[in-house]
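K.L.:
Pasting a structure here, questions to come.
The values are calculated or read from the model by the stated rules, or taken from the named source; none is laboratory data. Keep in mind that this is a model prediction, so the values were computed, not measured. Counting neighbours? That spans all protein chains shown, and the Cβs are built from the backbone with ideal geometry, glycine included. Note: areas computed on protein heavy atoms with side chains; ligands, DNA, RNA excluded. Shrake-Rupley method; radii C 1.70, N 1.55, O 1.52, S 1.80 Å.
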Amino acid sequence: MAINASEGLLDEDRIAEAAAGAEPVDSLSLGSVARSLFEVARHGDRLGRRGAKLGTEAVKALAGRSDVEPAKGDWRFKDEAWKRNPAYRRLMDLYLIWTREVMRAVETAELEPKDADRARFITEILTSAAAPTNFLLGNPAALKRAFDTAGMSLVKGTRNAAGDALTNGRMPRHVPRDAYELGTDLAATPGAVVYRDELFELLQYEPSGARTKSRPVLMIPPQINRYYFMDLSPKRSFIEYAVSREIPFFAISWRNPTEKQAEWSLDDYASAVERAIGAVCEISGSDDLNTLSLCAGGILTAGLLGHLAAEGDTRVHTASFGVTLLDFDVPAPVGVFRAPPLIALARGRSNADGVLKGRSLATIFSWMRPNDLVWNYWVNNYLLGDDPPKFDILAWNADATNLPGRLHGEFLEIFQENLLVKRGALKVLGTPVDLSKVKIETYVTGATADHLTPWHGCYRTTQMIDGPSTFVLSNAGHIASLINPPGNPKAHYYAGPEPNGDADGWREKATRQQGTWWEHWADWIAERSGEERDAPAKLGSKRHPIVAAAPGQYVRE
């Protein structure tokens, strides 16, 4: 029986990790690729030893005596032919041995950290591309499917490939087209647009009961993606859950910029959040609010908090940060893009185009997980001739947005120079930002398997802003840790004492809790959301009337 490669796609720890929350950088240059490979090749003595080892192991594999095994969970070699067919078994062994020795050559090359990260990144792309399962003759499951369907699977696969070449930037599609309808299947929590300007729409959500807290929450999503990854299908929506916990909830929905908005800057977005804060306070009748910032939205919020602190503005009562990296010196795979030539290349491309295209960014970060986010779909869609699975987070992931060229350049500077760590190095709305002067309570999350914003880096946020902090370490990866509704038997998190400067020490003292950070955060925020009161009879206010039903206009552009 053929094994469908899409089986692995439904593991939430492995999906949609390429698009949101990563710092907005762009592609690798041929020069950087050549430099990294040259640095590995320069250590000829080690390469020689690895080559000799490869030869010895290859002889054993051809003789059927190799003991190499694929990694646990490697979907590529699930078909029984890889165990039972001698030819395929030897092919798999040779590939696994070659991959192992190439990666060991990189690991033992004694490169500078940035060169080592870049070499690992490039080597993983090359070795994953060479897997025999990516080719028809090297994929027994695809050959069986072709035989069983009299070749119709190959016809459909060719049609899928042609369609993706025309409409999806030559990348295999992650989700069927038109699989979901916004406002019905996704972004369906009842609410309304209560404010709209050129940059954003402000969404207010209907209370789910007769009572609600008095201090609202404003969600500030990343500028790179649609906000509704926190409002997915019913029962998988964070916003729906927050409202069910009697938390008054508002969310920003950013407009998708075009070349006409190329000059939108960090200050423009910070000013937009200020306007949103004013509207939320006016509508709710509260003097202040709590913020929830996610991924790159946390960079914007941190900068604005520095400005508000300098101005003596106390309208932000607490600030929550979900998988947000503010200190970019923490080792992370995204560091492969931090080389100055790459930064210059990325800046030049966004300046020339006016915007950083959302599809371009999604493609780059898909290649950070090539087996799961590229070749898995390649096999499923093209070799097996199947449609990709219908899954809400993948539909959101495919709904890419652009980033204004000017904002992209500013993010690159923050990324390259690590400006948020240096007091006064970054100016927001004319104010030098010093996060140590932001004296509010914070709630910070990290994720154990996060390859974009490693949890040690997220933990650093607790030390950069002055004031009491709560840190929660969730299981799963970058996006999967955020989309983690209660009831998932696999879900757990770690909670511990108030964070100090020692992340590993905190982890040793933290205790494992069954459930998700949604529940922990809702308990935490409820204690900081004021008294209960009667829920408002209608949304908006006289000054900020309803403009449209949620999810609004901008999310559809």
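K.L.:
I'd like the full set of residues that are part of a loop (DSSP other than H, G, I, E, B) and either modelled with pLDDT under 90 or open to solvent by 10 Å² or more (accessible area, probe 1.4 Å) (or both), limited to the range 407-419. Give the derivation first.
P.N.:
Restricting attention to the range 407-419, the residues satisfying the condition of being part of a loop (DSSP other than H, G, I, E, B) are 418-419.
Leu419, the sole residue that qualifies.
K.L.:
Hand me the list of helices (runs of 4 or more DSSP H) wholly inside the range 287-406 holding 2 or more residues that are open to solvent by 10 Å² or more (accessible area, probe 1.4 Å) and modelled with pLDDT under 95. Please lay out each step first, then the result.
P.N.:
Values: elements: 297-311, 340-353, 358-366, 392-398.
Here the list reads 340-353, 358-366, 392-398.
K.L.:
Can you name the residue in the range 202-223 that is assigned to a strand (DSSP E or B) and of a type in the set (A, V, I, L, M) and, of all such residues, is nearest to Pro551 (Cα to Cα)? Spell out the reasoning first.
P.N.:
If we filter the range 202-223 for residues that are assigned to a strand (DSSP E or B), which is where we start, we get 202-205, 211-213, 217-220.
With the extra rule that they be of a type in the set (A, V, I, L, M), the set shrinks to 202-203, 217-220.
On the way: Leu202: 10, Leu203: 7, Val217: 17, Leu218: 15, Met219: 14, Ile220: 15 Å.
The residue in question is Leu203.
K.L.:
I'd like the residue in the range 472-504 that is polar (S, T, N, Q) and in contact with a strand residue (DSSP E or B) (Cβ under 9 Å, 6 or more places away or on another chain) and, out of all such residues, is surrounded by the fewest Cβ atoms within 10 Å (Cβ to Cβ). Give the derivation first.
P.N.:
First, the residues of the range 472-504 that are polar (S, T, N, Q): 474-475, 481, 484, 488, 500.
Then keep just the ones that are in contact with a strand residue (DSSP E or B) (Cβ under 9 Å, 6 or more places away or on another chain); that gives 474-475, 481, 484.
Working: Ser474: 26, Asn475: 20, Ser481: 28, Asn484: 26.
Ranking the candidates gives Asn475 first.
K.L.:
Moving on. Since Ser66 meets every condition but one in (1) of a type in the set (S, T, N, Q); (2) part of a helix (DSSP H, G or I); (3) farther than 30 Å from Gly385 by Cβ; (4) at pLDDT 80 or above, which condition does it not meet?
P.N.:
Tallying (1) of a type in the set (S, T, N, Q); (2) part of a helix (DSSP H, G or I); (3) farther than 30 Å from Gly385 by Cβ; (4) at pLDDT 80 or above, Ser66 fails exactly one: (2).
K.L.:
Ok, one more. Which of the residues spanning the range 71-87 are open to solvent by 40 Å² or more (accessible area, probe 1.4 Å) and either small (Gly, Ala, Ser) or within 19 Å of Pro140 (Cβ to Cβ) (or both)? Quick ask: steps written out before the conclusion?
P.N.:
Let us first name the residues in the range 71-87 that are open to solvent by 40 Å² or more (accessible area, probe 1.4 Å), namely 71-73, 78, 80, 83-87.
Scanning the range 71-87 gives Ala71, Gly73, Lys78, Glu80, Lys83, Arg84, Asn85, Pro86, Ala87.
K.L.:
Moving on to the next point. Just for the range 226-264: of the residues that are open to solvent by less than 10 Å² (accessible area, probe 1.4 Å) and among the polar types (S, T, N, Q), which one is farthest from Gly430 (Cα to Cα)?
P.N.:
Ser237
K.L.:
Please enumerate the residues belonging to the range 239-260 that are closer than 24 Å to His307 by Cα and in a helix (DSSP H, G or I).
P.N.:
none
Rundown of residues vs (1) of a type outside the set (Lys, Arg); (2) modelled with pLDDT under 95, yes/no style:
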{"site": "Ala188", "(1), (2)": "yes, no"}
{"site": "Phe200", "(1), (2)": "yes, no"}
{"site": "Lys213", "(1), (2)": "no, no"}
{"site": "Ile220", "(1), (2)": "yes, no"}
{"site": "Asn225", "(1), (2)": "yes, yes"}
{"site": "Asp231", "(1), (2)": "yes, no"}
{"site": "Val243", "(1), (2)": "yes, no"}
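K.L.:
Same structure, new question: Which residues, counting only those in the range 420-434, are surrounded by fewer than 21 Cβ atoms within 10 Å (Cβ to Cβ) and not β-branched (Val, Ile, Thr)? Show your work before the answer.
P.N.:
In the first step, residues of the range 420-434 are kept if they are surrounded by fewer than 21 Cβ atoms within 10 Å (Cβ to Cβ); the result is 421-425, 427, 429-432, 434.
Within the range 420-434, Lys422, Arg423, Gly424, Ala425, Lys427, Leu429, Gly430, Pro432, Asp434 meet the criteria.
K.L.:
Turning to a different aspect of this structure: So, in the range 190-201, how many residues would count as being in contact with a strand residue (DSSP E or B) (Cβ under 8 Å, 6 or more places away or on another chain) and assigned to a loop (DSSP other than H, G, I, E, B)? Steps first, answer last, please.
P.N.:
In the first step, residues of the range 190-201 are kept if they are in contact with a strand residue (DSSP E or B) (Cβ under 8 Å, 6 or more places away or on another chain); the result is 190-196, 199-201.
Retained after the next criterion (residues that are assigned to a loop (DSSP other than H, G, I, E, B)): 190, 199.
Residues in the range 190-201 being in contact with a strand residue (DSSP E or B) (Cβ under 8 Å, 6 or more places away or on another chain) and assigned to a loop (DSSP other than H, G, I, E, B): 2 in total.
K.L.:
Being under 18 Å from Ala526 (Cβ atoms) and within 23 Å of the chain's Cα centre (by Cα) is the filter here, so list the residues in the range 199-229 that pass it. Steps first, please.
P.N.:
Taking the range 199-229 and keeping what is under 18 Å from Ala526 (Cβ atoms), we get 205, 207-219.
Result: Val217, Leu218, Met219.
K.L.:
Of the residues Arg543, Arg460, which single one is open to solvent by 30 Å² or more (accessible area, probe 1.4 Å), more than 25 Å from the chain's Cα centre (by Cα) and in contact (Cβ under 8 Å) with a residue 40 or more places away in the chain? Before you say what the answer is, go through the steps one by one.
P.N.:
Numbers: Arg460 fails: more than 25 Å from the chain's Cα centre (by Cα).
So the residue among Arg543, Arg460 that is open to solvent by 30 Å² or more (accessible area, probe 1.4 Å), more than 25 Å from the chain's Cα centre (by Cα) and in contact (Cβ under 8 Å) with a residue 40 or more places away in the chain is Arg543.
K.L.:
For Leu91, indicate whether it is open to solvent by 30 Å² or more (accessible area, probe 1.4 Å), within 30 Å of Val175 (Cα to Cα) and modelled with pLDDT of 90 or more. Don't jump to the end; show me each part of the working.
P.N.:
Numbers: open to solvent by 30 Å² or more (accessible area, probe 1.4 Å): yes; within 30 Å of Val175 (Cα to Cα): no; modelled with pLDDT of 90 or more: yes.
Here the answer is no, as Leu91 does not meet what is asked.
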